[in-house]
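Undergrad: Okay, handing you the structure first.
The values are calculated or read from the model by the stated rules, or taken from the named source; none is laboratory data. Just so it is clear, the model here is predicted, and its values are computed rather than measured. Please note: Cβ atoms are built from the backbone with ideal geometry, for glycine as well, and neighbour counts cover all protein chains shown.
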Amino acid sequence: MSYRKLVSVSIAVLLVVGSMSLAFSKSVAKGNPEVKAEVVEPLNLAVLIQDDVVSQVSNELGVTREFIRSMPQGSRVMVGYITAGSLQVRQPFTTDLDKAAKSLRVPISSATSAPFNPYVEVLEALKKFDASWSNANAVLLVSDGLDTSRGFDSTAAGHTLDLDRVIRESNKRNVSVFSFYAPSVGITSRNSLAASYGQSSLNRLGKETGGKAFFQGTSGFVTFNSYFTRLRETLNRQYAKAS
């Protein structure tokens with residue numbers, strides 16, 4: 001191959017690579033769901049799963065493990081289950097992301113595992129965050145968000161004693177709460193009004209702690225793929241340091 005041809009081929013390769021990089025950047029900027037933007041800054045993240053959510057949630061463990069493993073080096077992850085009467089910590093905070101991912105288990109998906117309400121155990125999880133850590137703190141809560149401890153009516157939607165306590169404690173400890181709505185095997189899988197009450201609570205929890213609630217409709221079950229895409233984008237907007 002002549003020198004002139006070699007130079008021409010090299011320039012062509014550089015142009016192709018440049019075009020691909022530009023296309024990738026535009027695709028990420030436009031929120032293309034097929035392009036996964038990774039979380040940029042390390043976090044201290046507690047992943048909490050309500051144990052009586054519907055069995056379809058077990059199909060989302062793979063994408064949840066993938067999210068945990070994809071977090072940047074220096075992140076700490078805790079995995080816990082909100083179950084009847086207690087918070088079951090499957091994995092205390094660790095920087096071993098693979099170990100944390102492997103600690104996820106299939107939810108029990110039974111009314112026998114239903115907590116009094118999810119917020120009592122979220123409050124317990126908040127106490128696991130160490131004030132000396134430098135990373136941003138966050139909770140990822142998979143829950144139906146419903147608290148019927150004060151009855152099932154419109155006045156209780158988003159305004160219960162334990163929800164108020166969680167919001168205060170989250171702000172005190174600088175922990176933002178993000179949530180994925182998933183119906184439980186109980187009333188939220190059968191009653192759209194109950195589902196909307198739970199979503200109202202999760203929405204308030206996210207807004208008042210600097211987090212965000214992700215849900216789509218009050219009936220059926222939506223996979224977590226789009227939720228994780230939007231969660232990554234949200235985390236990067238909030239925590240990515242200016243270059």
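Undergrad: Within region 92-101, how many residues turn out to be more than 17 Å from V122 (Cβ to Cβ) and either of a type outside the set (D, E, K, R) or surrounded by 15 or more Cβ atoms within 10 Å (Cβ to Cβ) (or both)? Reasoning before the result, please.
TA: First pass over region 92-101, keeping only residues more than 17 Å from V122 (Cβ to Cβ): 94-101.
Next, from what is left, pick out any that are either of a type outside the set (D, E, K, R) or surrounded by 15 or more Cβ atoms within 10 Å (Cβ to Cβ) (or both): 94-95, 97, 100-101.
Final tally of qualifying residues: 5.
Undergrad: Select from region 180-198 the residues that are out of contact with any helix residue (DSSP H, G or I) (no Cβ under 6 Å at 6 or more places or on another chain), part of a helix (DSSP H, G or I) and surrounded by 24 or more Cβ atoms within 10 Å (Cβ to Cβ) and list them in ascending order.
TA: Y197
Undergrad: I'm checking my understanding of the structure. Among residues of region 34-91 that are small (G, A, S) and within 19 Å of F116 (Cα to Cα), which one is surrounded by the fewest Cβ atoms within 10 Å (Cβ to Cβ)?
TA: Going through the qualifying residues, I end up with G85.
Undergrad: Out of contact with any Ser or Thr (no Cβ under 7 Å at 6 or more places or on another chain) and either under 23 Å from N59 (Cβ atoms) or in contact (Cβ under 8 Å) with a residue 12 or more places away in the chain (or both): is that true of F224 in this structure?
TA: Answer is no for this residue.
Undergrad: Next question. Answer yes or no: is there a residue in region 102-119 that is modelled with pLDDT of 95 or more, crowded, with 16+ Cβ neighbours inside 10 Å, farther than 20 Å from S184 by Cβ and in contact with a strand residue (DSSP E or B) (Cβ under 9 Å, 6 or more places away or on another chain).
TA: Within region 102-119 (the criterion being modelled with pLDDT of 95 or more, crowded, with 16+ Cβ neighbours inside 10 Å, farther than 20 Å from S184 by Cβ and in contact with a strand residue (DSSP E or B) (Cβ under 9 Å, 6 or more places away or on another chain)), the answer is yes, since at least one residue qualifies.
Undergrad: Ok, one more. Does T234 satisfy being modelled with pLDDT of 95 or more, assigned to a loop (DSSP other than H, G, I, E, B) and closer than 14 Å to L140 by Cβ?
TA: no
Undergrad: Go through (1) surrounded by 16 or more Cβ atoms within 10 Å (Cβ to Cβ); (2) at pLDDT below 95; (3) part of a loop (DSSP other than H, G, I, E, B) one by one and return the number of the condition D162 breaks.
TA: Against the list (1) surrounded by 16 or more Cβ atoms within 10 Å (Cβ to Cβ); (2) at pLDDT below 95; (3) part of a loop (DSSP other than H, G, I, E, B), D162 comes up short only on (3).
Undergrad: Related question: Identify the residue in region 54-81 that is touching a Phe, Trp or Tyr at 6+ places or on another chain (Cβ under 9 Å) and not in a helix (DSSP H, G or I) and, among all such residues, is farthest from A131 (Cα to Cα).
TA: So the residue we want is V54.
Undergrad: Can you name the condition, by its number, that V106 falls short on among (1) in a loop (DSSP other than H, G, I, E, B); (2) within 20 Å of S143 (Cα to Cα); (3) in contact (Cβ under 8 Å) with a residue 60 or more places away in the chain?
TA: Unmet condition: (3).
Undergrad: Would you mind finding the one in V222, V177 that is in a loop (DSSP other than H, G, I, E, B) and either within 23 Å of T83 (Cα to Cα) or more than 15 Å from the chain's Cα centre (by Cα) (or both)?
TA: V222
Undergrad: List the pairs whose first member sits in region 159-175 and is without any contact (Cβ under 8 Å) to a residue 60 or more places away in the chain and farther than 14 Å from G210 by Cβ, whose second member is polar (S, T, N, Q) and part of a helix (DSSP H, G or I), and whose Cβ atoms are under 6 Å apart, counting only residues at least 6 apart or on separate chains?
TA: Partner pairs satisfying both residue conditions: L163/S201.
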